[in-house]
1. Dipole size in debye (nearest 20) for the chain around its Cα centre, Lys and Arg Cβ +1, Asp and Glu Cβ -1?
2. Please give, to one decimal in nm, the separation of the simple spin-label points placed at Glu81 and Lys99, each 7 Å out from Cα toward the Cβ.
3. Below 23 Å, Cα to Cα, which lysines can Lys103 reach? Residues fewer than 8 away in the same chain don't count.
4. What value in Å³ per residue do you get for the convex hull of the alpha-carbon atoms in region 2-160?
5. From the phi angles alone, apply the Karplus equation (6.51, -1.76, 1.60; θ = phi - 60°) to region 75-92 and give each ³J(HN,Hα) in whole Hz, x where the residue is Gly or Pro.
6. Cβ under 12 Å from Ile87's Cβ, Ile87 left aside: what net charge do those residues give with Lys, Arg +1 and Asp, Glu -1?
7. Apply the Karplus parameterisation 6.51 cos²θ - 1.76 cosθ + 1.60, with θ equal to phi minus 60°, to every residue of region 154-162 and state each ³J(HN,Hα) to the nearest whole Hz, in sequence, with x for glycine and proline.
8. May I ask you to compute the full-extension gain from Leu164 to Glu145, defined as 0.36 nm times their residue separation minus their alpha-carbon distance, rounded to one decimal in nm?
Amino acid sequence: MFIRIIIIFLTMLSNSIAEEISGIPKVVDGDTIHINNYKFRLEGIDAPEMKQQCKKESFKISFLVGFTFYKDYSCGRVSKEKLITKINTSEIKCISSSKDRYKRYIATCFKGKTNLNQWMVRNGFAIAYKRYSKKYVPDEVFAKENKLGLWQGKFMEPEKWRKLN
């Protein structure tokens, strides 16, 4: 019984130890990257899915009755491309403390001193994933107030879009 308790304790301890992995990533989408054989889900953020469409303002009629026309765009692809451009084939560092149900490491990733998770939300290419963390809510508020990225138009929250598609 004592050995079983030690094994359980060591298993719990190994699941909570932060791992740091560095390398040049392959960007899968706006909140998922791979470094070598490691798969990372950017912690505390949720980016549009690759097939997700959003709407952005195409033109506005302000005279008398304000009316705005919107056009669809591939916001999931834009999110991915913005992360690729920001990383720009540089080595990044990801610090992970857990895994999700898909066996991806949940991580905060950095390019130099720049927190990429925060950068994605603050520039409107992802939203704060409030169900799991409130850490990036101020960055989301900043993006929304300044109409950056997704906040320039209309979009469905990625989690809701996934459920419907």
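1. Approximately 280 debye in magnitude.
2. According to this spin-label approximation, the distance is 3.5 nm.
3. Those lysines meeting the cut-off are Lys26, Lys39, Lys51, Lys80, Lys93, Lys130, Lys134, Lys135, Lys160, Lys163.
4. Numbers: hull volume 20.9 nm³, N = 159.
Per residue, the Cα convex hull of region 2-160 comes to 131 Å³.
5. 5, x, 5, 4, 4, 4, 4, 5, 5, 4, 4, 5, 5, 6, 6, 7, 6, 10
6. Taking every other residue near Ile87 into account, the sum is +4.
7. 10, 7, 9, 4, x, 4, 5, 4, 4
8. Working: separation 19, 0.36 × 19 = 6.84 nm, distance 2.77 nm.
4.1 nm is the gain from fully extending Leu164 to Glu145.
Read the figures in this text as sums done on the coordinates, not as results from a lab. This one's a predicted model, so the numbers in the text were calculated from it and none came from an experiment. Backbone-built Cβ (ideal geometry, glycine too); neighbour counts: all protein chains shown.
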